[in-house]
Amino acid sequence: MGFGQDVIYIYICIAVLVLILVLILTGRIHQKKAAERMEELKKDIDELSSNSLEYKYNKASAFSKSNTDIMDKVNEITPQYKKCFEGIEACKKEQADTEAQLKHGKYKKNMEAMDHLEVSVQETDERIRLVGKTLDRILEKETKTREFANALKERFRNVKTVYTDNRMSFYTSKIYFDSRLQEIENDFSGFEEWMNASEFDKAREEGEKIAHEVDILSSQIAACPGLYGKAKAIIPQAMTEVMEHVEESEADGINFDYINVENRLNENKEALDLAIKKLDAGSIAAANDDLNEIADEVLKLQDEIAKEQNAVKEINEGFSSDIETIKETETELQEIKTLYAGVKDRFGLEDWSQRFTLSDEQIVDLKEAADLINNQLKKKDLPRVDIINYYHEFHEDTQGFRQQIQEMKQRLVGASSDEERAKKQLVKLELILNEVRLNAATHQLPNVSSQFEKDIKQGERLIQRVQVVLSHSPLDVKSLNADLQDAIDFVYKLYNNAKNLIGVAVMVENAIVFGNRFRSSYPSMDSDLTRAELCFQNGEYTRALKIAIQAIENVHPGVYEKLIARKDPAVMNQD
């Protein structure tokens, strides 16, 4: 019994110790949570204290001294502004009280105190946010104006940097640009004075003026180096080239006095000097206009010189050729007249007397025009550009007349060539007919020779018809060509048919001769060759050849292929 009581007592002691430990641990955990939460609240209160509300309020108050509208708004927001700082102080005091309570108070009371402090912080923070937003609206005009000013200053710095980096390219105009940059910097000082005086509308107006001046200056800085290059290098070089071209051309005999090149170049040089002075003085737009006008004038001068050079070149190269063309065409015209006299009756040509009269008149007109141009070319002071249009008309008339004469000659030569062609073709056709006639007589093919005779006579009649047309005068060229073509078609067709038919007949004869050697040995071959002979006598040469070849192939395969391959009938006689 005594031992059991001791055990129970020990268990009770252990339980009490555990409970004590749990209570101690729970208390420490609560203290830690409370301390952590208090630390977070202290951070929130510190953030409340570090707001920019005082800076904004003081700034707005300063602006309100010179602006009644801002003053009314500042006065209206002042009570709320004060409450914000009163709230901050209240939060700090409550923070100190809560921290003191944490050392002695219970966990529940401590948490309740921190809940109340957290609400106070949130209310104060919201009040600060609303007052700050109101102050931002009051300061909005100043903020936007300041942002505009900062952007404008940055742009001005960029423009100034570009100028500074390329200052040597501005030659004497550096004085002007240095002065303009300083003026704009002075304008910025005036802008800041308005800002400091809280006159934001006037400051904005001043800023807009500065922005306009910066835009102008920027475009001038961008354009000026290029204009100097144009004025000091490009245009002078173009003037030098113009003068060099003129000197070279004058050495070749071209006269440019009427263009007045030297005086015009001197005038442009004087205008160029004035344009450079305008650049030096900063009159960039005016200088640009002057330089464009000078450049246009130089280009115009180059164009006038080029036109005169081209006119001289074209006339020098073409006029002599045109004179030679007139001489050749005149000679050709005389040849046509002679040829016409010889063939007009033969071919029934219409009367060309009027044509020849007009052609003679055109020759005279062309010669007169050539003399006129030649006389103008002798006048050294007469611009060739004044002659070129008249020369173009003369050249076109010369070429047109030459074409006209060539067409007349072609017509006469064409008529004669048709007759010559017909005569040559008749000789060929007669030779072909003789060959057909000779082949038919040589082979004496049954049932064919008579047909050949008929066809030969028909060919002779067609040839005779062409000869009759040729014998008539004037010659009917249209009928001649039609009849000649009929004769050509018939005779060549007859020649081809005769050649093919005789070739087949010869092969039939050779095949039958070869097959006769086996008739006594092969009754079937004897029968087939007899049929082939009957077909041959009846003029059925193709059928006869097929029968004879088939009969031979039955006895000696491959012989027919040898015959065709070698084209030699003697193969039929080989064993």
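The values are calculated or read from the model by the stated rules, or taken from the named source; none is laboratory data. Given the structure is predicted, the values throughout are model-derived calculations rather than measurements. Glycine also receives a Cβ, built like all others from the backbone with ideal geometry; neighbour counts cover every protein chain displayed. Just the protein is used for accessible areas: all its heavy atoms, side chains included, with ligands, DNA and RNA removed. Shrake-Rupley method; radii C 1.70, N 1.55, O 1.52, S 1.80 Å.
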* **Loop GluC sites (Glu not before Pro), the stretch 298-389 (other Cβ atoms within 10 Å of the site Cβ: 15 or fewer; DSSP)** => 350
* May I ask for the Kirkwood hydrodynamic radius of the stretch 167-400, worked out over all distinct Cα pairs and given in angstroms to one decimal? => 24.2 Å
* R0 = 41 Å: FRET efficiency of residue 513 with residue 467, Cβ-based, nearest 0.05? -> 0.40
* Structure fact -> The local net charge around residue 241, scoring Lys/Arg +1 and Asp/Glu -1 for residues other than residue 241 whose Cβ lies under 12 Å from its Cβ, equals -3
* Provide the per residue accessible area, probe 1.4 Å, for the stretch 118-217, rounded to a whole number of square angstrom. => 58 Å²
* To do: For residue 205 and residue 542, compute 0.36 nm times the residue count separating them, minus their Cα-Cα distance, and round to one decimal in nm.
  => 109.5 nm
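Taking only protein heavy atoms into account and a 1.4 Å probe, give the accessible area per residue of the stretch 224-374 in Å².
Per-residue accessible area for the stretch 224-374 comes out at 54 Å².
Among the listed pairs 337/478; 133/160; 93/144; 277/380; 43/82; 59/92, which are separated by more than 30 Å between their Cα atoms?
Those over the limit are 133/160; 93/144; 277/380.
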* **Projected label distance in nm at residue 335 and residue 393, using a 7 Å step from Cα toward the beta-carbon** => 3.1 nm
* At 7 Å along the Cα-to-beta-carbon direction for both residue 75 and residue 493, put a label point, then send me their distance in nm to one decimal. => 12.9 nm
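Length gain on complete extension for the stretch residue 241 to residue 193, per 0.36 nm per residue less the alpha carbon to alpha carbon distance?
In short, 11.5 nm is gained.
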* If the cut-off is 14 Å between C-alpha atoms, which aspartates and glutamates fall inside it for residue 409, apart from same-chain ones fewer than 8 positions away? -> 328, 330, 332, 335
* Structure fact -> Links exceeding 22 Å between C-alpha atoms in this model, out of 153/209; 174/300; 300/379, come to 174/300; 300/379
* **FRET E, pair residue 137, residue 39, Förster distance 35 Å, beta-carbon r, rounded to 0.05** => 0.50
* Please give the FRET efficiency for residue 158 paired with residue 248, using the beta carbon to beta carbon distance and R0 = 41 Å, rounded to the nearest 0.05. => 0.25
* Would you calculate the separation in nanometres between label points at residue 179 and residue 524, each defined as 7 Å from the Cα along the Cα-to-beta-carbon direction? => 13.1 nm
* Give, in nm to one decimal, the length gained when the segment between residue 21 and residue 385 is fully stretched (0.36 nm per residue of separation minus the Cα-Cα distance). => 118.6 nm
